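Rule-based calculations on the coordinates, nothing more; no lab input. Small disclaimer: the values here were computed from a predicted structure and weren't measured. Heads up, the Cβs are rebuilt from the backbone with ideal geometry, glycines too, and the neighbour counts pull from every protein chain shown.
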Amino acid sequence: MKWVKQIQATACIAAVIVLSVFAGCGTDKKKIKVTVCEVTHSIFYAPQYAAINLGYFEDEGIELELSNGQGADKVMAAVLSDSVDIGFAGPEAAIYVYNEGKEDYAEVFAQLTRCDGSFLVARQPDLNFNWNKIKGKTVLPGRKGGVPYMTLEYVIRKNGLDPAKDTTLDNSIQFALMAGAFTGGTGDYVTLFEPTASMLEKEGKGYIVASIGEESGDIPYTAYFAKKSFIKENHDLIERFTRAVYKGQQWVAKSSAKEIAETVAPSFPDTSTELLTTVAQRYKDIGAWNETPVMTADSFNRLQDVMTQAGELSKTAPFGKVVNNQYAEIVTKE
């Protein structure tokens, strides 16, 4: 895909959040620095931030350096250029790269979220919203070819509409600028992740009317990936990393929204615990978080169905090549 070649290798170096984590007393694991580029910074990834703030990466001897890529394409470009060790974004990026025929492609080794985490936001409250109401309207959906965009199209089709004819999907606005564009008057609806969606609602600048994830169902939405060569050369590190993620998933699964909010709060210093609690409950209600890092073939194939329907995938990629469940299966069986 041309998009990989067009992104500069430095795309994911900006906006770095350094989380210095030191190996705890009594651990026999060698401390190692790991750089991770996440697609965006959102409580949608609560299990990751819980793992960070509860010291699960520290327990595994990992010093984490986290940066914000602002787009799956930029995250993958950073991984392929060796600017970062691990990417955290939609698995569609790995499918695109595999289909390009690149020898040292990226393998997905741990899944974090199991459905779309975005919400459809309108300009006015609408307790009786139905999807026919977007007919003839303009929706800000994010980058064409990204999972948020394709999942929205999938939901629109599921509700009997044609996304190409019945509504206007304005993909001219960058992901990070969509909320600002919407509040500035662009579009009738916008799809936003949390906590941005709830912040707009609290400010009276937008109102959540539907959950894209609840409508779309089980899709492997966000996962960790790394180049094949990096995984091959760092078996122990990938296993330790995956174990920390799994602990975060298990903790979130058994914790209340308030407990989750209080635990991830240090990762969101500009957001109130009250708002984080509201958001965490929304995500728990739609079953957004995987309880293990294992990705299933069925969900992977459903993602490819969504991509194919969107016209973004001319051929499917084999599950066993793109997805490497080896480490996820090890840590879940311990």
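Approximating the spin labels as points 7 Å out from Cα along Cα→Cβ, the residue 274-to-residue 165 distance works out to 4.8 nm.
Could you work out the relative contact order of region 119-216, using alpha carbon pairs under 8 angstrom and six or more residues apart, expressed as a whole percent?
In percent, rounded to a whole number, it is 48.
Relative to the Cα centre, what is the charge dipole magnitude of the chain, using +1 at the beta carbon of each Lys and Arg, -1 at the beta carbon of each Asp and Glu, and rounding to the nearest 20 debye? All intermediate terms of the calculation are to be shown ahead of the outcome.
On the way: 34 positive and 42 negative charges, 105 e Å.
Charge dipole of the chain: 500 debye, to the nearest 20.
Using Cα atoms only, what is the angle between the long axis of helix 235-254 and the major principal axis of the chain, expressed in degrees (0 to 90) to the nearest 10? Rounded to the nearest ten degrees, it is 50. If you run the Gaussian network model on the chain, springs between alpha carbon atoms under 10 Å, then out of 43, 95, 173 the most flexible one is 173. For residue 333, the lysines whose Cα comes closer than 18 Å to its Cα, not counting residues fewer than 8 places off in the same chain, are 247. Per-residue packing, averaged as other Cβ atoms within 10 Å, sorts the ranges 123-133, 255-265, 57-67 into the order 57-67, 255-265, 123-133, beginning with the highest.
Calculated from the alpha-carbon coordinates, region 119-216 shows an Rg and a Dmax of 12.1, 33 Å respectively. Among 288, 93, 317, the largest mean-square fluctuation in a Gaussian network model of the chain (Cα springs under 10 Å) belongs to 317.
Once the other residues with Cβ under 11 Å from the Cβ of residue 155 are scored (Lys, Arg +1; Asp, Glu -1), what is the net sum?
-2
Give me D for the chain in µm² s⁻¹, whole number, from Stokes-Einstein with Rh from the Kirkwood sum over alpha-carbon pairs, 20 °C and 1.002 mPa s. It would help to have the intermediate numbers written out before the result.
Values: Rh = 20.0 Å.
Result for D is 107 µm²/s.
Normalised by the residues of region 248-334, what does the relative contact order come to in percent, with Cα pairs under 8 Å and at least six apart? With pairs under 8 Å counted, the relative contact order is 26 percent.
Normalising by the residue count of the chain, find the relative contact order in percent from Cα pairs under 8 Å and 6+ residues apart. Kindly include the intermediate steps, with their values, before the conclusion.
Numbers: 675 pairs, mean separation 83.6, N = 334.
That works out to 25 percent.
Using only Cα atoms, find the angle between the long axis of helix 273-285 and the longest principal axis of the chain, and express it within 0 to 90 degrees, rounded to the nearest 10. The helix 273-285 is inclined about 80 degrees to the chain. Summing Lys and Arg as +1 and Asp and Glu as -1 over all other residues whose Cβ lies under 9 Å from the Cβ of residue 273 gives a net charge of -1.
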